[in-house]
Amino acid sequence: MNFPVAYIDVAALRHNLLRVKECAPNSRVMSVIKADAYGHGAITAAEALKESDAFAVARLKEGVFLRQKGVEHPIVLLEGVNTEQDFITASEYQLSPVIHLHSQIQLLQTLTLPKPLGFNWLMVDSGMHRLGIRPEQVEMALTLLAESSNISGEIGLMSHFANSDLDGDPRNQKQLAHMLALKHKTSLPLCLANSAAIICLPESHQHWVRPGLMLYGVSPFSDKSGTELGLKPVMTLKTQLIAVYDLEVGDQVGYGGEWTAEVPTRIGVASIGYGDGYSRHLSNKAEVIIRGKKAPVIGRVSMDTICINLNHVEQAETGDDVIVWGTADLAVEQLATLAETIPYELVTVLCQRVNKEVINGES
């Protein structure tokens, strides 16, 4: 096996989808598998999450890929599309671009698509100010869309919380109020709740929920782990020691010599680095697990390797497995905090030379 390897546990994916349904038992589930299912493999995720009612991706290319691989669920394109050809492609592949611009509505009024677009969603800017139609413009937009022969069936209203990871933040209630008022006016289905809102804002669940990060066993909150929320980590990232040797007092490690041995030190070199997506911001901060024991990463993270202090893992030797993240006591959330980023980034930036192996934790 060529290391590093990201082991993807499909049983954990299924467990986390059930957790979504426990949190929002009266809502349908649109599982978000954009960015190659947050770095976990879109086709693997789609198969494991087939009990979802629909899938969502960001871009047209992602939706086309899923269709070409045989995925038959409704597929929503969260970023929408903006050109005549892209609308035609979405129609041909039975994809559902979210409408969030007046120019998209105008384009739909002039096109003749191969078949009408179904499972349609209008994005409402309820407060995030990123994508969407203003609440006061929604009714006019719906009227124009209803007049288009390129739109088939009911149009749902979608929005996105800007602060749902901040439990109790009054801005969440303000956004929710905008959307509930539109629901009252239009009687249309709503899709609002992302992972954080699914967990902590039950009033937002409505007709559809839209889980992303929690499906992969990762917490959307900075003060809670996925395990504490009843989730199971889906990805365990592992590599191997490719060298073990001894340092004398005063020996420096890595580029810039940012770590110096203050006592005789046994170190290991593991095959993973920023060229694989392992953040340089973890230099001299992170830990790994070898032979069941935690060991600190020392020196700068290189493109292909990291160095590890093995003084407390005396029996470690070349060829030993190195757990990088994915256990209850070495969660990706912990490493994200050390890297001063979010876990979304760590799991999605793993590059193609990180092999993926699908496992089933139930077997």
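The values are calculated or read from the model by the stated rules, or taken from the named source; none is laboratory data. These numbers come from a predicted model, not from an experiment. Glycine gets a Cβ as well: all are built from the backbone with ideal geometry, and neighbour counts include every protein chain shown. Areas reflect the complete protein model, heavy atoms only, side chains present, ligands, DNA and RNA absent. Shrake-Rupley method; radii C 1.70, N 1.55, O 1.52, S 1.80 Å.
When only C-alpha pairs under 8 Å and at least 6 residues apart count, what is the relative contact order of the stretch 29-165, in percent?
17
Relative to the longest principal axis of the Cα atoms of the chain, helix 170-186 runs at roughly 30 degrees.
With contacts taken as Cα pairs under 8 Å and at least 6 residues apart, the stretch 224-363 reaches a relative contact order of 26 percent.
The alpha carbon centroids of the stretch 145-162 and the stretch 180-252 are separated by 28 Å. Seen through its C-alpha gyration tensor, with square-root eigenvalues sorted a ≥ b ≥ c, the stretch 34-165 comes out oblate because a/c lies at 1.5 or above while a/b is not bigger than b/c.
In Å, the Kirkwood hydrodynamic radius of the chain over pairs of distinct alpha carbons? Hydrodynamic radius (Kirkwood, Cα only) of the chain equals 22.1 Å. Its residues counted as N, the stretch 145-296 yields a C-alpha radius of gyration over 2.2 N^0.38 Å of 1.64. In a DSSP loop and with at most 11 other Cβ atoms within 10 Å, the GluC sites (Glu not before Pro) in the stretch 193-272 are E248, E262.
For the stretch 109-159, the fraction of alpha-carbon pairs lying more than 12 Å apart is 64 percent, rounded to a whole number. Rolling a 1.4 Å probe across the protein heavy atoms gives the chain an accessible surface of 46 Å² per residue. In a DSSP loop and with at most 12 other Cβ atoms within 10 Å, the GluC sites (Glu not before Pro) in the stretch 1-108 are E51, E72. A Gaussian network model of the chain, with springs between Cα atoms under 10 Å, assigns the largest mean-square fluctuation among A141, A331, A56 to A141. Expressed per residue, the C-alpha convex hull volume of the stretch 206-363 stands at 133 Å³. Each Cα pair under 8 Å and six or more residues apart adds its sequence gap; the mean of these over the residue count of the chain is a relative contact order of 19 percent. The accessible surface of the chain, taken with every protein chain in place and a 1.4 Å probe, is 49 percent carbon and sulfur. Scaling the Cα radius of gyration of the stretch 1-65 by the globular reference 2.2 N^0.38 Å produces a ratio of 1.20. Using the alpha-carbon positions of the stretch 55-128, Rg (one decimal) and Dmax (whole number) come out as 11.8, 37 Å. The Rg/Rh ratio of the stretch 35-87, with Rg taken over Cα atoms and Rh as the Kirkwood radius over Cα pairs, comes to 0.96.
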